[in-house]
Every structure is written in C-alpha cells, then in structure tokens.
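Bear in mind that the values in this text are calculations on the coordinates, not laboratory data. In this text, all values refer to a predicted model and were calculated from it rather than measured experimentally. As a convention, Cβ positions derive from the backbone with ideal geometry for all residues, glycine included, and neighbour counts pool all protein chains shown.
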Amino acid sequence: MTKLLVSILITLRFMFAFSQTELTHEVYFETDKYEVPSTEENRLLLFIANLSEVDIESISIFGFCDDRGADNYNLILSQQRADAIKTVFSNNEISESLITNVDGKGKILLKIVQEENILKIRGLNRKVEVIVKPKLPKPAPVVEVEPPVVEKEKTTVELIKEAEKGDKIIFKDILFNSGEASMISDSKQNLEAIADALVERKEIYFTIQGHVCCTQFTRDAVDRKTKKRNLSEARAEYIYDYFAKKGVSKKRMRHLGMRRKFPLGGDPKFDRRVEIVITYVDDKVK
C-alpha cells in the first residue's frame, strides 16, 4: 500500500512539473492579411527546427484579429491565419496527426494587452498562437522486471559487410533535421563509418533512396534551405555527395527521392531517412 502511494505521488509530481514546459510561439500578421510575412515565417521555421528533438503529444494553433472589423469577418480571417500556419508546419515535416486544434478565435479586445499605443496593441493582436505540448515522460516503475533477452540487432556497417544483391539497408543511425537535407550532429560519425564500409566493398553497386515524413498524398516535403519541394531527393543527393568525397566511386552509386511513398509506420523522425538498395554485385572485384 505504501509503495502504491509513493508511486502515485511521484507520478503526480512528474506530471505537474512537466505541465509547465509547454512550448509557445506567436506569429504576427499585417492588417487584413493572412499570408505569413517572410520575417515571421523565418522565425516560425526556427521554432519548428527546434522541435526536432521534442517528443510531441499535440500542437494547437489559434488565430486572432484586432478589434476592428465585423465579428464574422474577424472569425473568417483568424481561421485563415491559423490554416496558413498549419500549412507551414505540414510543409516542414510536422505530422498533421499531431495538430489537434486549428481554430480562428476572432478578435482580441484592446484591454487584454497592457500597452498605451493603440496601433502597437492592434499589431500584437493580429497573430496566431502556437502551443506545443510535449508528451509526459513515463514515471519509473515501482516493481523492477527482468528484461527479456533480446538478440543484438546488427549495425548498418555489419549489414553492408554482408550485403548481397537485392538487400535494402536502412540507415537507422542516420537522422535528419526536420525540413532539412542535413543530418543531426550525432549522425555524422555514424555516416563516416558507413562510408568507410562502402569503400571497402568495392564490388557492390547501390541506389541511395531518400525519404520524408508527414506529407499527404505522397507529396515531397519542402527543403527549408532551397524552398523547393524536393527534400527526399536532396537528402539522397547529400548522402551521395558525402560518399563520393569519402572515396566511393560515383559509378557504383545513383540517388533517388522516394517522397513519402514508404513510411515505416512508427515515430516520424525515422521516416526522415535514407537507405540503400544493392542493385549489383561484381564478383570479379574483391
């Protein structure tokens, strides 16, 4: 009974502490406009980039207007602003399944904001509020259970050393920043080891396939750097260029963008991936 009570108290303390860590962001708009200004889009993209390491439970997007205009007009405009922000999230590989609220709230009254300059107040009220709620961490279990014995999974390098024609090797230890063709910093050392393994196996030829997450109807995602909707191809080409610099012959490689045709069905970050398919093995080269 005592252990159960302690467990409940620990869980409640955990939940209370974590409830204070919601991430918020505000995007501001011009009068009577719902297109996202370029400066505000850049701020929003920076906010989205910082979410790549967050285990997100839900995202809420709320649109607002200033006190001018009819109520019905303000409701429509505030909804359009919220929808515009949702589009930016979707274009940058944030799964729409995480976006639980996209609501236009209409106008904000002047008295809500503590500011004497009316024009400034109205500028602050023409906005969209984004609220990102991270998932609650699971509390430590009271009863320790002996973990089952699991056979160790082979590393990407080990799979390359054993690869045969037709094999597909997912680079599970190579992860990408959301909306970017560049890897997260922790992946660079892993990619170097993979390149070394491919240099050693001179007899294998392969296709590098790039993937994205969280887009609809197999559309590709937008490369935040180039603004082009070819992110899966950009990721594959990034790996191709890296391998070439490390000494892998370009004659042995080709690269393709697979868009979101083949999601893995798990955490979206693992769909931001590359993999190789062994297309030919030259037995004469050893």
Rounded to the nearest 5, the percent of DSSP beta bridges in the range 20-134 running antiparallel is 70 percent
Simple spin-label estimate for Asp71/Lys165, 7 Å along Cα→Cβ, in nm, reads 7.3 nm
In nm, the gap between the two label points placed 7 Å beyond Cα toward Cβ at Gln80 and Lys33 is 1.3 nm
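When you count, for each residue, the other Cβ atoms within 10 Å and take the mean per peptide, how do 193-205, 229-241 rank with the highest first?
Values: 193-205: 17.2, 229-241: 22.2.
Top to bottom by mean Cβ count within 10 Å: 229-241, 193-205.
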Along the range 239-251, Karplus-curve 3J(HN,Hα) (6.51, -1.76, 1.60; θ = phi - 60°) to the nearest Hz, with x for Gly and Pro, reads 5, 4, 5, 5, 4, 4, 5, 7, x, 7, 4, 5, 5
Taking R0 as 25 Å and r as the Cβ-Cβ distance between Lys261 and Thr226, the FRET efficiency 1/(1 + (r/R0)^6), rounded to the nearest 0.05, comes to 0.70
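How much length would be gained if the chain were fully extended between Asp55 and Glu200, taking 0.36 nm per residue of separation minus their Cα-Cα distance, in nm to one decimal? Please list the in-between numbers first.
Details: separation 145, 0.36 × 145 = 52.20 nm, distance 3.75 nm.
Extra length from Asp55 to Glu200 when fully extended: 48.5 nm.
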In nm, the gap between the two label points placed 7 Å beyond Cα toward Cβ at Lys120 and Lys245 is 4.7 nm
Over the chain, the quotient of the Cα radius of gyration and 2.2 N^0.38 Å is 1.28
Cross-link reach from Lys138 to lysines, straight Cα distance under 23 Å and at least 8 residues apart if same chain, gives Lys3, Lys269
Computed, not fitted: 222 nm per-residue ellipticity of the chain from DSSP H runs ≥ 4 (each -39500 (n - 2.57)), nearest 500, equal to -10500 deg cm²/dmol
If the chain between Thr155 and Thr100 were fully extended at 0.36 nm per residue, the gain over the current Cα-Cα distance would be 16.1 nm
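How high is the FRET efficiency between Asp283 and Ala193 when r is their beta carbon distance and R₀ equals 22 Å, given to the nearest 0.05?
Values: r = 25 Å, r/R0 = 1.15.
The value I calculate is 0.30.
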